[in-house]
Amino acid sequence: MQPSRRRILLAACAIGVVPFAFAQTRSDLAREKRWADQVLPSLVVGDAVTVQAKDGTRFLALWALPERARGAVMLLHGPGLHPDHGITGELRVALVDRGFATLSLQMPVLPAEVDDGAAYQALYPEAGERIAAGIAFLREKRFARVAVVSHAMGSGMFYAWWRKSRDPAIAAWVALSFYGVFEEIARAPFPVFDIYGANDYRGIRGRAEERAEVLATVRGARQLAVAEGGYFLAGGEATVLKEVPAFLEALTN
């Protein structure tokens, strides 16, 4: 498959689109284990915990609790990755340093050889189960309200889950590189921060004005095009690491 074709398909997994013929509807747990075997030996901040969804599926999450937490943030990574990867891992650490408890979830993944991003739509129900389990975990830790920071396909997974659940536990949503338009976020009862790269995928940056129209109905919402941000905000990490904690801190002051 040509690289440009692969990039388009990976971007498409951020929203609900018509899936291709690939039929796997559950996560590749063997791949998740390989990720865990790679991540855990080098884990410096926080602890590895096992979270269990209602259907009995047990999955990895990275939990970090500062001495005096000002709030809780749940992080959802991008397609085929792990809870300490790239900007998700960097934000996880930065937010702990700023006084937030963080829970970064292992989201469902497909086999490495599957580069058909649209196929990930079949994993959305399982992703929703994991998001709900993450919120339950944080409730047990006495955090009644949870901010969510999601990246790329993690943003699509969160949106698909919230559209159905409307869970009142959500205190804020930071959507990094969301593909398409989140119409049902209109008049949401929590602030939304839409961040994308000025040179991001066309389906992300090209529909920013439409998302801005939705955000105009949401109290406290923001939108930011990161000038140096490329595909999935690559190159714009420094700005993301500055703006996301500042947005969440303003909500807790």
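The values are calculated or read from the model by the stated rules, or taken from the named source; none is laboratory data. Only a predicted model underlies this, so the values are computations on that prediction, with no experimental measurement involved. Positions of Cβ are backbone-derived with ideal geometry, glycine not excepted, and every protein chain shown enters the neighbour counts.
Within segment 205-222, one or more residues are closer than 22 Å to Ala118 by Cβ, buried (at least 20 other Cβ atoms within 10 Å of the Cβ) and over 17 Å from the mean Cα position of the chain (by Cα).
With respect to the numbered conditions (1) at pLDDT 95 or above; (2) in a loop (DSSP other than H, G, I, E, B); (3) not small (Gly, Ala, Ser), which one is the sole condition not fulfilled by Phe20? Failed condition: (1).
Each row is one residue, and each column tells you yes or no for (1) in contact with a Gly (Cβ under 8 Å, 6 or more places away or on another chain); (2) under 22 Å from Ala132 (Cβ atoms).
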site	(1), (2)
Ser155	no, yes
Arg166	no, yes
Asp200	yes, no
Arg211	no, no
Thr217	no, no
Gly220	no, no
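Each residue in segment 121-160 was checked for being among the hydroxyl-bearing types (Ser, Thr, Tyr), closer than 25 Å to Val240 by Cα and in contact with a helix residue (DSSP H, G or I) (Cβ under 7 Å, 6 or more places away or on another chain), and 1 pass. Which one is nearest to the chain's Cα centre (by Cα), of the residues in segment 128-155 that are in a strand (DSSP E or B) and hydrophobic (A, V, I, L, M, F, W, C)? Among those residues, the one meeting the criterion is Val149. Close contacts from segment 172-188, counting a first residue that is farther than 26 Å from Phe100 by Cα and a second that is modelled with pLDDT under 95, with Cβ to Cβ under 6 Å and a gap of 6+ residues or different chains, come to Tyr179/Ala11; Tyr179/Ala14; Tyr179/Ile15; Tyr179/Gly203; Gly180/Ile15. When the residues of segment 119-142 are filtered to those that are among the small types (Gly, Ala, Ser) and more than 15 Å from Tyr159 (Cβ to Cβ), the one that is surrounded by the fewest Cβ atoms within 10 Å (Cβ to Cβ) is Ala136. For segment 100-118, the candidate set comprises residues that are without any contact (Cβ under 8 Å) to a residue 60 or more places away in the chain and among the small types (Gly, Ala, Ser); within that set, the residue that is surrounded by the most Cβ atoms within 10 Å (Cβ to Cβ) is Ser104.
Residues in segment 223-237 that are of a type in the set (A, V, I, L, M, F, W, C), surrounded by fewer than 21 Cβ atoms within 10 Å (Cβ to Cβ) and closer than 17 Å to Glu90 by Cα: Ala234 only.
The numbered conditions (1) modelled with pLDDT of 95 or more; (2) not in a strand (DSSP E or B) are all true for Phe193 except (2). Hey, among the residues in segment 156-190 that are out of contact with any Ser or Thr (no Cβ under 8 Å at 6 or more places or on another chain) and in a strand (DSSP E or B), which one's farthest from Pro79 (Cα to Cα)? Among those residues, the one meeting the criterion is Ala171. Filtering segment 152-172 to residues that are buried (at least 16 other Cβ atoms within 10 Å of the Cβ) and over 16 Å from Leu123 (Cα atoms) leaves Ala169, Ile170, Ala171, Ala172.
Residue-wise test of (1) in contact with a strand residue (DSSP E or B) (Cβ under 9 Å, 6 or more places away or on another chain); (2) under 23 Å from Leu251 (Cβ atoms); (3) basic (Lys, Arg).
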position: Ala188; (1), (2), (3): yes, yes, no
position: Pro191; (1), (2), (3): yes, yes, no
position: Gly206; (1), (2), (3): no, no, no
position: Arg219; (1), (2), (3): no, yes, yes
position: Gln223; (1), (2), (3): yes, yes, no
position: Val226; (1), (2), (3): yes, yes, no
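If I ask for residues that are more than 15 Å from Ala172 (Cα to Cα) and either touching a residue at least 60 places away in the same chain (Cβ under 8 Å) or part of a loop (DSSP other than H, G, I, E, B) (or both), which ones from segment 203-226 would you list?
Matches in segment 203-226: Gly203, Ile204, Gly206, Arg207, Ala216.
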